[in-house]
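Notes follow once the structure below has been shown.
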Amino acid sequence: MRSRNYKIAVGCLILMLAACVKNPFSTRDSEYPYGATGTWETPQAPEVAVRNLLFAYNEMIVSNYQLCFSDSFSFSSPEDSIDAVNDGRGELFSLWSKSVEIDVAGNIFSTFQSEDTLDMFLLLAASGNYSDIIEDSVSVLYRLYYLTLISGSPESRDTTTIEGLAAFHLRAEQLNWWTIYLWEDIPANSGQDDWGDFKARYRR
């Protein structure tokens, strides 16, 4: 009798498990990635974080762009800041935080996306004069930038290229996700237009 009751109990347990909608031992479904729109790669290395910035800028995707930066991010453009103070516009570069950077990028992207007569293309290249500093949890990547701005109709194009050096300071945060916490902008030629000048025009 005891053996028969035991078999009945085991049979009931098997039926209960079989009736479960979800298998308790199955692996969970993979989550939709944050950077699903456009070109994006999980930034498990500092080089990937900077590459994501490049793609986000060229594809003009704010949601991808903001993932490149630490919450404590700041933008520094010393020469531009000095010029702005001398011109009585010191606020242009003051307190340039992550929220300011994202707002500025959003203004730039929406302007170039809405105007058929405007186009923009960014190129980043390794610098021969500065060597990257890559450590376990912090790194500095130096990139020459060439930001090409195109305006006008197809029949009459006006092209301007802004050049300079960007020093991206990065750190590994949770899950070894690398983000940019400081961006220093150095113009190619003192006194000439640079990326900082371009971005400042869209700070509102």
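Coordinate-derived values only; no laboratory data. Predicted, not measured: the structure shown is a model, and the values here were computed from it. With ideal geometry, Cβ positions are generated from the backbone for all residues, glycine too; neighbour counts draw on all protein chains shown.
Here is how the numbers come out for the structure above:
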read-out	value
Residues of region 153-200 classified as exposed (fewer than 14 other Cβ atoms within 10 Å of the Cβ) and assigned to a loop (DSSP other than H, G, I, E, B), total	9
Subset of region 99-147 (residues that are of a type in the set (S, T, N, Q) and out of contact with any Asp or Glu (no Cβ under 8 Å at 6 or more places or on another chain))	99, 107, 110, 111, 113, 114, 117, 127, 129, 131, 137
Test: residue in region 116-133 that is among the polar types (S, T, N, Q), assigned to a helix (DSSP H, G or I), touching a residue at least 24 places away in the same chain (Cβ under 8 Å) and closer than 30 Å to residue 204 by Cβ	no
Subset of region 40-50 (residues that are in contact with a Pro (Cβ under 9 Å, 6 or more places away or on another chain) and either small (Gly, Ala, Ser) or without any contact (Cβ under 8 Å) to a residue 12 or more places away in the chain (or both))	49
Some residue of region 93-107 being among the β-branched types (Val, Ile, Thr), closer than 21 Å to residue 46 by Cα and in a helix (DSSP H, G or I)	yes
Any hit, region 99-117, residues being aromatic (Phe, Trp, Tyr), under 18 Å from residue 69 (Cα atoms) and in contact with a Leu (Cβ under 8 Å, 6 or more places away or on another chain)	no
